[in-house]
Amino acid sequence: MRKLSVLTLVVVLALVVSAAGAALARQNVEITLMGWSSSTEENDALLAQVAAFEAANPGISVNVQLVPEYDTTIQAAFASGDSPNVFYVDSSKLPDWAEAGVLASGEGMIENLDDHYESLLEAFTYDGTLYCPPKDFSIMALQYNKDMFDAAGLDYPTPDWTWDDLRAAAEALTGENEAGQKVLGLVTPPNFERWLPFLYQAGGSVLSEDWTEVTLDSDEAREALEFYIGMVNDGIAGPPSMVDAGWGGEAFAQGRVALAMEGNWVISYLVEQFPDLNWGVTELPRHPAGGQASMVFTVCYSVASDNDYPDESWQLANFLTGPEGSQLVAEEGFGVIPPAISAADTWLEAIGPEIGEGFLAGAEYAHKWQFPVGFQDVFDTFNADLQLAFEGQYLAEDVIIDTIGVAEEVLAR
Amino acid sequence: MAQPQVLARPKVTTMAAKRRQEALTGYMFMAPALVIFLVFLIIPIGAAVYLSFTDWNGITPVFDEGAYQQVGLDNYRDLLLGEHTEDDGRVVKATTRQRDFFISLKNTTYYVLGVVPTQTLLALILAVIVNQRWLKAKGFFRTAFYFPSITSSVVISIIFMWMFTRGGLINTTIGAVFSGYDSGSFVNWLDDPRGVIHIILEQFGVTRANVGDWASNRSLGLTTWEWLSGPSVTMLTIMILNTWTTIGTMMVIFLAALQNIPSSVYEAAAIDGANAWRIFRQITVPLLRPTTFFVVTLGLIGCFQVFDQIYVISSGGPAKTTLTVAYMVYQNGFNRSAMGLAAATAIILFVIIFAFTLLQRLFVSERANV
């Protein structure tokens, strides 16, 4: 009898506790936000945004997870059915993840559509479905070392520079520094995405509009690639490793190249680590016929399709990317540009207009960095061939033929 | 007659019961290890084999309906054959996958051929040296040689990257010694896709252009000329790095074995008038044979699976010359959303390593019997 009553008590207690727990849980929803760790300032700004969201939405708490090896980590989370509620998606990964069905559709869920750049929304639309609101973006522009231009007696680059101006300047600025180290005019990373602006400026394209045909077999593509490779073969440009650097920004910061074509991620790197560097920025040069183009690299906040709290998740994504959330980021004034058009002026103000405008101007005409699922094979082939072309072992024509072959194979898969 | 049986029976049952009891206790003691072995080894390997027959993308939750389709041997066919004809006569190409696979296999093979003999030989020499009685400060040298092995391979890789950059320590040191070697002619250790054998041939005036048509024959997606490239300069750098980090471990294994050789054997040989070299050739080396087998096997397996140095230093570049099979598994699984293909690549790698180990076992045990 006593035993039974003890048992009853335990059961009743357990029921009470679990019921209370459930009630509490309903009141206090916890959603997980997963992303990669950027600079300390950027991480802090995100935490400030999240704190503002939590203050405005009592009952929702956000568990922020900034993980290293993001792609690997989140892929494991997806595969095991343990997806975070809200997470970063790079525009280049969108096709893969949309195809895999792990992203919730954003149709009818995304607010403030008018306040977002058309080119960014386009970058997060796949197969006619808009998936997620942009988090921030970076645009490729031309950075120049003012001291080196002054020393050579050259005028600073302007937005109406053409390829010919770029080439002439690179030629004039190639030489040696005081330490006897080689200095190149321009740094040209051996990467597909760094060459793409030249292709687009020349009026070429990689794929047809509907992604069913490879359109690289064109005079425009040959012209753009011959120009890019030609500068390296002539010794006035080269990959970062040729000037002892890991990436273009580093080569530029160390004064080993006079010109670089990085995105606005380079701002905080240069400002924080090389405060003495005297540099400026302008839009990428145009094709001699006037064609203007750049690349936009952007990330969005996506909501998981497998989600216990879809409404709360969309609330968070919309807040972070909306006017209020964007302002919070814009005021901090670090490298990446906030997604809301209304926050652009605040960002320019914070970062300094003479630097910000060179990047921001490209938002009008930049192309998205996104290709069909499996295109990594194409990039790898192109990059490998491009390196051989830099070494003089391949011609532009060889690179194009190889790349077309692989691209057609991937599309047929 | 009945009585002894009655007496005997309980005795038999207690023995059997005791045995069962003992066996049970034994299994109980082994249970933790067995469970770990099952959960972390057998089941994942089984899952990998299973997934290699599917087209799973590695993203869609694996237990979801329609997460993957059974594709039979398609992944293996793409990797090994490159192209095939469908039932309706259509030719489907997977030449990139085949090419990448054989490029990675070629790179890995050069890597293994370079690293395994070098590290085994160097480890043996080091072990013999630090085993000498006349050597002062043995403890210091043993620790110093072993140190790279216990340091994080990522940290070591990053330090190597600094040393081997174009204007880095290695090049400036060589430049200080040889006057003709300056910043104009520095070797770009970390970003040079040229094959070492190609470079040597070029010194003798042999190039792709003048070597003859046979060089352009394609087998398994690569031209004969490409097959004969040798490791690229960048791969060579990684080979040097890996040799340096692993000889410490191998040295310790050799050292333990050396100290196990009874001194009476050496004394007998010395009395018979053998000199030091002869003792080494005919006493030390044969007695070390089981250890050598162990070291070479460990080396083979480790080298075929080389991944972290590649991941940190070169990501498979320049021009895919440091793409190894293990790195390709990672790329297929995580960069290309083709986990099924990655699993198939891993299984093929497993088969290769297994075959080499068996072959080498056969070789070594035959030699041992002679």
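We did not get these values from a lab; they are worked out from the coordinates using the rules stated. Being a predicted model, the structure only gives us computed values, none of them experimental. Please note: Cβ atoms are built from the backbone with ideal geometry, for glycine as well, and neighbour counts cover all protein chains shown.
Annotations for the structure displayed:
- Legend: mean number of C-beta atoms from other chains within 10 angstrom of residue C-beta atoms, peptide B:99-107, equals 1.
- Peptides A:149-158, A:169-178, B:74-83 ordered by average Cβ neighbours within 10 Å, highest first: B:74-83, A:169-178, A:149-158
- For the stretch A:132-179 versus the stretch B:166-214, the gap between their alpha-carbon centres in whole angstrom: 31 Å
- A:GLU272-A:ALA172 FRET efficiency (beta carbon distance; Förster radius 30 Å; 0.05 resolution): 0.50
- Amide hydrogen neighbours beyond the local backbone of A:PHE274, cut-off 5 Å, H modeled: none
- Kirkwood Rh (inverse of mean 1/r, distinct Cα pairs), chain B, angstrom: 25.1 Å
- Applied to the stretch A:258-266, the Karplus parametrisation 6.51 cos²θ - 1.76 cosθ + 1.60 on θ = phi - 60° returns per-residue 3J(HN,Hα) values of 8, 10, 9, 10, 9, x, 6, 4, 6 Hz, with x for Gly and Pro.
- Remark: for residue pairs A:LYS93/A:LYS182; A:LYS93/B:LYS106; A:LYS93/B:LYS93; B:LYS93/B:LYS320, the C-alpha separation exceeds 27 Å in A:LYS93/A:LYS182; A:LYS93/B:LYS106.
- Helix A:219-233 vs. chain A, principal-axis angle (Cα, 0 to 90°, nearest 10): 80 degrees
- With 20 Å bins from 0: P(r) over the protein assembly as shown, alpha-carbon pairs, percent: 13, 39, 32, 12, 3, 0, 0
- Value at 222 nm in deg cm²/dmol, rounded to 500, when DSSP H runs of n ≥ 4 in the protein assembly as shown each add -39,500 (n - 2.57): -17500 deg cm²/dmol
- Kirkwood estimate for the stretch A:116-192, i.e. one over the average of 1/r between Cα atoms, Å: 15.9 Å
- If both residues of a DSSP beta bridge must be in chain A, then about 55% of such bridges are antiparallel.
- Partner shielding of A:71-78 amounts to 3, given as the average count of beta-carbon atoms from other chains within 10 Å of each residue beta-carbon.
- Peptides B:134-145, B:158-169, A:377-388, A:232-243 ranked from most to least packed by the mean count of surrounding Cβ atoms within 10 Å: A:377-388, A:232-243, B:158-169, B:134-145.
- A dipole drawn for chain A from +1 and -1 charges on Cβ atoms has a positive end, and of A:PHE252, A:ILE401, A:ALA151 the residue lying farthest that way is A:PHE252.
- Length added when fully stretched, B:ALA268-B:LYS136, from 0.36 nm per residue minus Cα-Cα: 44.9 nm
- Highest-first packing order for the peptide set A:303-313, B:281-291 is A:303-313, B:281-291, based on the mean count of other beta carbon atoms within 10 Å.
- Coupling constants for the stretch A:81-92 follow from the phi torsions by the Karplus curve (6.51 cos²θ - 1.76 cosθ + 1.60, θ = phi - 60°), and in residue order they are x, 10, 6, x, 6, 10, 7, 6, 10, 6, 4, 6 Hz; glycine and proline get x.
- Cβ neighbours within 10 Å from other chains - mean over A:375-387: 5
- Karplus-derived 3J(HN,Hα), 6.51/-1.76/1.60, for each residue of the stretch B:74-82, Hz, glycine and proline x: 4, 4, 5, 5, 4, 5, 8, 9, x
- A:ALA350/B:PHE280 FRET efficiency (R0 56 Å; Cβ-Cβ; nearest 0.05): 0.20
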